[in-house]
Amino acid sequence: MSQNNGGSQSNTFVTGMVLYHRTDIYNAYRKAVSKQTWSKDASAQANFHTQTHGGGSDCKNEITLHFEWTGAYSSGSPSRWPGGPNVLFPVNWEFSSCLWSLVLFPGTQSGLRLTGYSCVEIPDDADAEHKNFLLEKLKELLAQPVDISVPLQHEQTMVPIPSLPQKGWISSLWEKLS
């Protein structure tokens, strides 16, 4: 199926296209609980890659989220920025034909599913225990695929991060003695 997107590109329908997104453990948890994803970029689009380490491990990225897209796929970058919702757009690096990112714009309500994760790289730092706790919660949340939207700004849900459970006095004493 092909349709015009308002510009020179056309859209085709794709089923089960695998996308990846590198982020930190806290944001991975927030995405799974809120069932939403967006970026801090001005347009608040969701950014994806075709490789598990797309986006690299810069910016304290600790986990690769796996998504599946079933919906419209554009043959080119949007003719206006931001592009319309419910269409996955390839966006190249400026002055290059190399793919930078695949983007979905706010207002996308269907077709995107969070299906799992890989490439977990939690540094051995002061937050490691808390991050591993959240990783276990994420594993439970993703036992089944989760439908994800790319919300408009006024629809964005901010999810609080749960605290690490407090240890009982017996386990605290045991840790001190061992």
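The values are calculated or read from the model by the stated rules, or taken from the named source; none is laboratory data. Keep in mind the model is a prediction, meaning the values are calculated, not measured. Here Cβ is always computed from backbone atoms with ideal geometry, including for glycine, and neighbour counts include all displayed protein chains.
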Considering Pro90, Pro82, which residue is at pLDDT below 95, part of a strand (DSSP E or B) and surrounded by fewer than 21 Cβ atoms within 10 Å (Cβ to Cβ)? Pro90
Failed item, numbered, when Thr70 is tested on (1) of a type in the set (Val, Ile, Thr); (2) surrounded by fewer than 17 Cβ atoms within 10 Å (Cβ to Cβ); (3) modelled with pLDDT under 95; (4) under 16 Å from Ile148 (Cβ atoms): (3)
Please determine, by comparing only the residues of region 107-119 that are surrounded by fewer than 21 Cβ atoms within 10 Å (Cβ to Cβ) and either of a type in the set (S, T, N, Q) or more than 11 Å from the chain's Cα centre (by Cα) (or both), which one is nearest to Ala44 (Cα to Cα). Gly107
If the Cβ limit is 8 Å and pairs must be 6+ apart or interchain, which residue in region 36-54 that is without any contact (Cβ under 8 Å) to a residue 24 or more places away in the chain and on the phi < 0 side of the Ramachandran plot pairs with which residue that is in a loop (DSSP other than H, G, I, E, B) and buried (at least 20 other Cβ atoms within 10 Å of the Cβ)? Ser39/Gln45
Looking only at region 1-36, which residues are charged (D, E, K, R) and at pLDDT 95 or above? Arg30, Lys31, Lys35
Looking only at residues in region 131-178 that are basic (Lys, Arg) and surrounded by 10 or more Cβ atoms within 10 Å (Cβ to Cβ), which one is modelled with the lowest pLDDT? Lys167
Which condition breaks for Ser75 when tested against (1) out of contact with any helix residue (DSSP H, G or I) (no Cβ under 7 Å at 6 or more places or on another chain); (2) buried (at least 16 other Cβ atoms within 10 Å of the Cβ)? (2)
Just name the residue that is modelled with the lowest pLDDT out of those in region 37-67 that are surrounded by fewer than 18 Cβ atoms within 10 Å (Cβ to Cβ) and polar (S, T, N, Q). Ser57
Is there a residue in region 84-93 that is of a type in the set (Gly, Ala, Ser), in contact (Cβ under 8 Å) with a residue 24 or more places away in the chain and within 21 Å of Arg22 (Cα to Cα)? no
